[in-house]
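Just so it is clear, none of the values below were taken in a lab; they were calculated from the coordinates. Quick caveat, the model's predicted, so the values are computed rather than measured. Cβ atoms come from the backbone with ideal geometry, glycine included; neighbour counts cover every protein chain shown.
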Amino acid sequence: GAVVSQHPSWVICKSGTSVKIECRSLDFQATTMFWYRQFPKQSLMLMATSNEGSKATYEQGVEKDKFLINHASLTLSTLTVTSAHPEDSSFYICSARKVGSNQPQHFGDGTRLSIL
Amino acid sequence: AQTVTQSQPEMSVQEAETVTLSCTYDTSESDYYLFWYKQPPSRQMILVIRQEAYKQQNATENRFSVNFQKAAKSFSLKISDSQLGDAAMYFCAYRSADGANSKLTFGKGITLSVRP
């Protein structure tokens, strides 16, 4: 079955540093990837939609300069949290979908980000 | 814009019994997909079941089945013979069939506990 790999699974870093999270589709080409943020016991909040080779589309209220998304290839998208602060601590999940609107969306295992 | 409503934040079921999780949605579209996702404590998002709106037949996957009422915009999930491993947070989700970038809209989720 389709597999999405997300790395790292857990990262702790100091305030002010930048953190990069990778999302890879291992056995399919993902023309569209999605990045979500989730707080404990809450639903997934879509942050942005990225398409290979073009700029990401950010949801309202999401700072594009804070959360940099790059979708350089059909199998890799990255989310960089720049100058991270404690309020950026959260669970981040990526998702990828194959070509075609009727394709299911496959999720990575998520990244727990803790900013000290 | 589409909305997905899961009005019950928590439910509990006795092991081996049946439980139904409710979900309603609002849309003006005629063609779309509906999903139920399971998120166990590991926080991995697992697709439980999927329903295409144009199909009248309710989807089933082993112990999981849905009651899809298109006119009422209702999409409930029935879990039969509940098992301890079914304990998780469950999210109902909607996605338009229009466009490769169509996004998943999630409900707030429901926490299901299973009593041994």
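Per residue of B:104-112, other chain Cβ atoms within 10 Å of the residue Cβ number 3 on average. Under 20 Å from a label point set 7 Å out along the Cα-to-Cβ vector of B:Ala16, the amide N atoms of the stretch B:72-109 belong to B:79-87. Looking only at GluC sites (Glu not before Pro) in DSSP loops with at most 16 other Cβ atoms within 10 Å, what is the longest site-free stretch of chain B? Between exposed loop sites, the widest span is B:30-116.
For chain A, the convex hull spanned by the alpha carbon atoms encloses 100 Å³ per residue. Within chain A, the cysteines lacking any other cysteine Cβ closer than 4.7 Å to their own Cβ are A:Cys13. The per residue volume of the convex hull around the alpha-carbon atoms of the protein assembly as shown is 122 Å³. Just to confirm the filter: which trypsin sites (Lys or Arg not before Pro) across the stretch A:10-86 are DSSP coil and have at most 11 other Cβ within 10 angstrom of their Cβ? Those satisfying the criteria are A:Lys14, A:Lys41. Taking all Cα pairs closer than 8 Å and separated by 6 or more residues, the relative contact order of the stretch B:11-116 comes to 36 percent. For the stretch A:93-116, the residues whose backbone nitrogen is under 20 Å from a point 7 Å from the Cα of A:Leu26, taken along Cα to Cβ, are A:93-99, A:104-112.
Between the alpha-carbon centres of the stretch A:10-42 and the stretch A:55-72 there is a gap of 12 Å.
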